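Engineer: After the structure tokens below, expect a handful of questions from me.
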Amino acid sequence: MRAFPVRRRCSGSATVALVLSLACGDGGAPAGSTTTSEDSSGTATSSSTTSPGGDAESTGAGDEPSSGSSGDPPSTEPTPEQWERLLALRYDDGPVPPDVTNAWADDPAAAALGQALFFDPRFSGPLIDGDNDGSPGTLGTDGEPHKVACVSCHVPEDGFVDTRSPHQQISLAAGWVLRRTPSLLDVGFATLLGWGGRRDTMHGLLFGVVENTRELNSSRLYFAQQLARNHRAAYEAVFGPMPDFDDPLQFPALAPEEAGCLALDAPAAACNGRPGDEGPYDALAPVAQDEVTRAVVNAGKAIGAYLRQLRCGASPFDAWLDGDETALTDLEKRGAIVFVSSGDCDGCHAGPRLTDLQFHNVGLIPQTVAVVFVDLDDYGASDDLAAVMTDPLNVTSIYSDGDDGRLPRKVTAEHVGAFKTPSLRCIADHPAFMHTGHFATLQDVVKFFRRGGDPGGYPGVSELSPLSLDDEDVDALVAFLQSLQGPGPAPPLLQPPR
Ligand code: HEC
Ligand code: HEC
């Protein structure tokens, strides 16, 4: 199974010089995409590399500060209408909504099991990208199994984003995953998961991670076997008796080195332990196949119970909304006002998490990340929603404990090149932004929105247009975004359970 549409990787390893990435990015740019820079960075070719800390604004028109604002001193007192829009952003301190797909969503024993699984690398098959050379930031060397866990990319002490991989843009696990790893704080509010909504339940998502060659490069059969070997008691205490997955007479034992696929993006028949493998899994009787799948589904529900507990929490901004005038600086207050007025950010970044959880095309031209990758062909929600709607593990399947109608009825033209609006809470310390990970600072992101996105060079049609914001408005918005830091999860949730 491929998690992504057509992907393009320029040849060469991540260690090759920048020169390659420039050549590579330019060569791949479709006609009409902007490849010259308007800011005088001194280079002729400028379309591509954004190094962490560097200025990502190499494309796009109209980054000039607009002269639209009046001469009045900027206000730090919201009008009644602005105040109403701001109050709609108040953090929701209450529990996350019920998850009808998961009968164990609020079961503490299931959550503890899920937490243990989240930290356990022993489910993963071999690393298969040569960039895994044992150097800092990699998880081991090519061919080694048992190196990848959820925490390898969702680093708990850093807000569950990836601060580990080389370049800190996209993640290197078994292979390079070509979208940036999102945070998991407050993920219990989402029903469609992933940047494009490829998954609609936590248990479905687990299959996407386990059987993704670039992530765990493993399989459901190997996962079930490792579950039996390492977590049987905890599993059975929650879900009842587990079949004898570790009995080789009933379930062919997979060696860790052959738990997944032998090459990146290999066809199913070149993989082991999953549907279509024409091998150990396909050879199982349907009842045994269902037992294997069911065990992984249950593990996914346990993980879901754990993830629901991960919250950003109320921030200084919320204290201000609650009446504490001293909670924010004047600059932060001004930013909050811009957010709901001239910035019109709350059109999409709406509600308590500052996301409408919908998919939007904001006109983002992918740039080269991690030195050699540029993904010019990511259709986002249109591909991902079409895939989840026909996924045999989706919310309408027998593996879900309920269906609240979360799947869209159809994919529309607006889904082309559209990505899920991310929450803006607890993001200030992230090393990279957007699904591509090519903006390194909030300043870069806000300037991107000020110029109304960039013209052409990505699938679909952008919804954005340029904004009348001066440089101080930009600084104020950045300050405001930084005031959305909550306390994060309690420390016991940031380590394996004891
Ligand atoms: C190789 C890095 C990597 C690993 C390992 C990984 N993830 Fe992720 N995770 C990602 C990326 C990248 C996405 C976004 C995928 C997409 O949009 O296509 C994601 C998305 C998610 C989401 C959806 C978040 C949202 O807001 O929509 C959840 C939940 C999640 N991962 C949980 C897990 C769990 C549980 C594990 C372990 C079983 C795991 N991840 C392992 C990189 C990783
Ligand atoms: C049309 C809907 C829309 C509007 C309006 C909008 N955003 Fe966004 N925003 C998005 C989407 C969608 C993404 C993710 C895009 C992607 O990764 O391809 C995003 C990403 C971001 C990010 C990066 C978050 C991260 O974790 O990567 C920040 C910061 C942000 N927006 C701030 C703002 C601000 C500030 C404004 C107002 C000036 C604004 N947005 C207006 C939809 C919108």
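Nothing in this text is a laboratory measurement; each read-out follows from the coordinates by a stated rule. What you are looking at is a predicted structure, and each value in this text was computed from that prediction instead of being measured. Virtual Cβ from ideal backbone geometry, glycine too; neighbours counted across all protein chains shown.
Engineer: Just want the ordering: 247, 107, from fewest to most Cβ atoms lying within 10 Å of their own Cβ. Write out the running numbers ahead of the final one.
Structural biologist: Numbers: 247 11, 107 17.
Fewest-to-most Cβ neighbours within 10 Å comes out as 247, 107.
Engineer: I've got another one for you. Using θ = phi - 60° and the Karplus curve 6.51 cos²θ - 1.76 cosθ + 1.60, what whole-Hz ³J(HN,Hα) does each residue of the stretch 247-257 get, with Gly and Pro shown as x?
Structural biologist: Each residue of the stretch 247-257 in turn: 8, x, 6, 9, 10, x, 6, 9, 6, x, 5 Hz.
Engineer: Given contacts defined as C-alpha pairs under 8 Å and at least six residues apart, what's the relative contact order of the chain, whole-number percent?
Structural biologist: This gives 25 percent for the chain.
Engineer: Within the set of other residues whose C-beta is less than 11 Å from the C-beta of residue 274, count the net charge using Lys and Arg as +1 and Asp and Glu as -1. Show your work: numbers first, answer last.
Structural biologist: Working: positive: 220; negative: 211, 277, 278, 282.
Its environment carries a net charge of -3.
Engineer: Right, next: If contacts are Cα pairs under 8 angstrom and at least 6 residues apart, what is the relative contact order of the stretch 108-311 in percent? Each step should come with its number before you reach the end.
Structural biologist: Numbers: 405 pairs, mean separation 53.8, N = 204.
In percent, rounded to a whole number, it is 26.
Engineer: Can I ask one more? With no solvent and one point per C-alpha, what does the Debye sum give as log10 I(q)/I(0) for the chain at q = 0.07, 0.10, 0.11, 0.12 Å⁻¹?
Structural biologist: Treating every Cα as an identical point scatterer, log10 I(q)/I(0) equals -0.38, -0.78, -0.94, -1.11.
Engineer: If you place +1 on the Cβ of every Lys and Arg and -1 on the Cβ of every Asp and Glu, how big does the dipole about the Cα centre of the stretch 285-337 come out, in debye to the nearest 20?
Structural biologist: Value, rounded to 20: 320 debye.
Engineer: Under a point-charge model restricted to the Cβ atoms of Lys and Arg (+1) and Asp and Glu (-1), what is the dipole moment magnitude of the chain relative to its Cα centre, in debye to the nearest 20?
Structural biologist: 1140 debye
Engineer: Let a ≥ b ≥ c be the square roots of the eigenvalues of the Cα gyration tensor of the stretch 108-311; is it rounded (a/c under 1.5), or, if not, prolate (a/b larger than b/c) or oblate?
Structural biologist: On the way: a/c = 1.68, a/b = 1.14, b/c = 1.47.
Oblate shape, in that a/c is at least 1.5 and b/c is the bigger or equal ratio.
Engineer: Which whole-Hz couplings ³J(HN,Hα) result when phi for each residue of the stretch 218-229 is put into the Karplus expression 6.51 cos²θ - 1.76 cosθ + 1.60, θ = phi - 60°, listed in order with x for Gly and Pro?
Structural biologist: 10, 8, 5, 5, 5, 4, 4, 5, 5, 4, 5, 6
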